[in-house]
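Please read the structure below before turning to the comments.
What follows draws every value from the coordinates through simple rules; no lab data is involved. All values reported here derive from a predicted model rather than from experimental measurement. Here Cβ is always computed from backbone atoms with ideal geometry, including for glycine, and neighbour counts include all displayed protein chains.
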Amino acid sequence: MSIFEIIMLVCFGSAWPFSIYKSYKSGKNEGKSIQFLFIVLLGYMSGFTHKVIYCFDYVSYLYVLNGFMVSIDILLYFRNNRKKKSALN
């Protein structure tokens, strides 16, 4: 377990609740990239996989938590996209 890994995950993870809230309340995807969200999710999944295979510890749960929050943001992206398309019709 590395204190620097923990700090990185906490810092990155602290941004996701704000992003989720903004996506949910505004119903818009301006400034978001679905490709970026999937790349970040892949990164968290890779970090978690490394932890499971080589050195499982409590930090593993931060990867899961962050991945979960990114997944919520991805779902909101698709919801907002669907809302935008239905508003245009």
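Using 0.36 nm per residue and subtracting the Cα-Cα separation, the extra length available between ALA15 and LYS83 on full extension is 22.1 nm.
Relative to the dominant Cα principal axis of the chain, helix 3-26 is inclined by about 10°.
Kirkwood-type hydrodynamic radius, the stretch 2-85: 13.5 Å, calculated from all non-identical alpha-carbon pairs. Give me the count of lysine pairs in the stretch 3-88 whose alpha carbons sit under 13 angstrom apart, restricted to pairs 8 or more positions apart or on different chains. Pairs that pass both the separation and distance tests number 5.
In order along the stretch 28-42, phi translates into HN-Hα couplings of 10, 10, 4, x, 10, 10, 5, 4, 4, 4, 5, 5, 5, 4, 4 Hz, rounded to whole numbers, per the Karplus curve 6.51 cos²θ - 1.76 cosθ + 1.60 with θ = phi - 60° and x for Gly and Pro. Taking θ as phi - 60° and the Karplus parameters 6.51, -1.76 and 1.60, the scalar couplings of the stretch 72-87 work out to 4, 5, 5, 4, 5, 4, 5, 4, 5, 4, 5, 4, 5, 5, 6, 6 Hz in sequence order, x denoting glycine and proline.
Placing unit charges on the Cβ atoms only, positive for Lys and Arg and negative for Asp and Glu, gives the chain a dipole magnitude near 700 debye about its Cα centre.
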